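The values are calculated or read from the model by the stated rules, or taken from the named source; none is laboratory data. Keep in mind that what you see is a predicted model, and the values were worked out from it rather than measured. We place every Cβ from the backbone using ideal geometry, glycine too, and count neighbours over all the protein chains shown.
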Amino acid sequence: MTDKINPLPQPVATLATGGGISWPGDSHWGPDALERAVQVAGARLRQPLVITDPVVWRAVGPAVQAALATVPGLSWQVYDGVVPNPTLTQVREALQTARRLGCGSLIAVGGGSAIDVAKVVLAGLAGGLDVEELQAPRGRAWLDAPATPEDALLLAVPTTSGTGSESSSAALIQGDDGRKHLYRSLRPRPAIVALQPSLTLGLPPRPTAHGGFDAVLHALGTWVNTDPSPVGKALALHALRICLPALPAVLREPDSLQARADMQMGAYLAGVAIGLNKVDAVHGMCTPLEARVHLTHAEVLAPVFSVVARHTVQTHARPYAEAARALDIASTGNEQHDALALIEAVEGLARLGGIATRFTDLRLSAQDADELATRALRSASTPLNPRPLAHPDIRSLYLQMAHPGVSP
């Protein structure tokens, strides 16, 4: 991809660790990506259920229906009940709709919320499982097994550029307990993806900025963490190389198809990288906090990043510094200086998108911070942070984010 990918911030995978890659399925990009994806799906589109939200469907529904109409004899149904930060309620409704109508495939149209719901619905539909069973041993056994040709097809049509859900192996759904639950599996990952930049043109500035910032932190978290998979590292750095200039460009010129295409590809590559390497403590600490605050994912990510990254580079600046040098952000030879330059550049992107880098009214007690730290340590990404974080460290970092703050 580029000669600046090396040197890596840590050794690549060795014979001692082993490794492997399961690349996402058929991915198509460009002005006619959707029509090509539908043609590739062909006979696997069996009475598909389109999973989307009403705003997205009003905007891009005609284009999706026109593409589906190119398949002779195909009929489809639409579930448009997805909401931001979806809950198991939407998953249950969509799964019941698919079963009632006899749907044998799914098409997710929208952002990460629609695609995440579709992934979990696919697991229930293909596995013959109820939603509650997916976290139980029977559900885990299905999720952990390899995909089979008999599994229902999921075609993803992202209309935002951010979560990378169209290419990642994870789905984040709010449970009945109010907490976000992570479903991680390669099996329900979209088998076909259509990256058509024109479908993102109607996205307003705020979600454009928020999604783009999410994509940047996905790529950066994958690059700096301690997972040594070389493919994930290369994709993460390339995603950063695309996203860092594309996000300001798309905010300046929202109608630029080139900027939209760049952001869409950057988010997609970051999603693939996450599936290979996961991320770092920024996301590991973000998810528990999101159950307490009424903010978008990006609005939680930015303040968490600012605190956690600055804490991390005090002792483990190297991966941040390597990225800064590879991306031509700073190259002084001083790891601390170059690492901080990268952090400041990312914080600058947040501010450009109107995203605050500090919480203004987050209140946490010492007990709150204890509980959040316990949950953050359950994330598979938190232990991969470049600077190891124990429970007291995470507790202290949460309290630093709080306002007016509580003494650790």
Any idea which residue in the stretch 121-151 is farthest from the chain's Cα centre (by Cα), counting only those that are among the acidic types (Asp, Glu) and under 20 Å from residue 48 (Cβ atoms)?
-> 150
Kindly list, by first and then second residue, each pair from a residue in the stretch 117-138 that is within 13 Å of residue 185 (Cβ to Cβ) to a residue that is among the hydroxyl-bearing types (Ser, Thr, Tyr), limited to pairs with Cβ atoms under 6 Å and residues at least 6 apart or on different chains.
-> 120/183
Assuming residue 42 fulfils every condition listed in (1) modelled with pLDDT of 95 or more; (2) assigned to a helix (DSSP H, G or I) apart from one, which condition is it?
-> (1)
Name the single residue, out of those in the stretch 210-247 being surrounded by fewer than 24 Cβ atoms within 10 Å (Cβ to Cβ) and among the hydrophobic types (A, V, I, L, M, F, W, C), that is nearest to residue 25 (Cα to Cα).
-> 231
Note on residue 204: of the conditions (1) of a type outside the set (Lys, Arg); (2) more than 25 Å from residue 121 (Cβ to Cβ); (3) touching a residue at least 40 places away in the same chain (Cβ under 8 Å), unmet is (3)
Of all the helices (runs of 4 or more DSSP H) wholly in the stretch 195-298, which have at least 3 residues that are of a type in the set (Gly, Ala, Ser)?
-> 205-224, 230-252, 257-277
Name the single residue, out of those in the stretch 155-186 being surrounded by fewer than 21 Cβ atoms within 10 Å (Cβ to Cβ) and more than 18 Å from residue 297 (Cβ to Cβ), that is modelled with the lowest pLDDT.
-> 177
Scan the stretch 53-60 and give yes if some residue there is more than 26 Å from residue 186 (Cβ to Cβ), at pLDDT 95 or above, in a loop (DSSP other than H, G, I, E, B) and in the same structural domain as residue 163 (by TED's automatic domain parsing), otherwise no.
-> no
Taking the stretch 135-153 and keeping only residues that are surrounded by 11 or more Cβ atoms within 10 Å (Cβ to Cβ) and in a loop (DSSP other than H, G, I, E, B), one is left with 136, 145, 147, 151, 152
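Can you find even one residue in the stretch 108-128 that is assigned to a loop (DSSP other than H, G, I, E, B), among the basic types (Lys, Arg) and assigned by TED's automatic domain parsing to the domain that holds residue 55?
Quick first cut of the stretch 108-128, residues assigned to a loop (DSSP other than H, G, I, E, B) only: 111, 128.
Pick out the ones that are also among the basic types (Lys, Arg) and you get none.
Among the residues of the stretch 108-128, not one is assigned to a loop (DSSP other than H, G, I, E, B), among the basic types (Lys, Arg) and assigned by TED's automatic domain parsing to the domain that holds residue 55, which makes the answer no.
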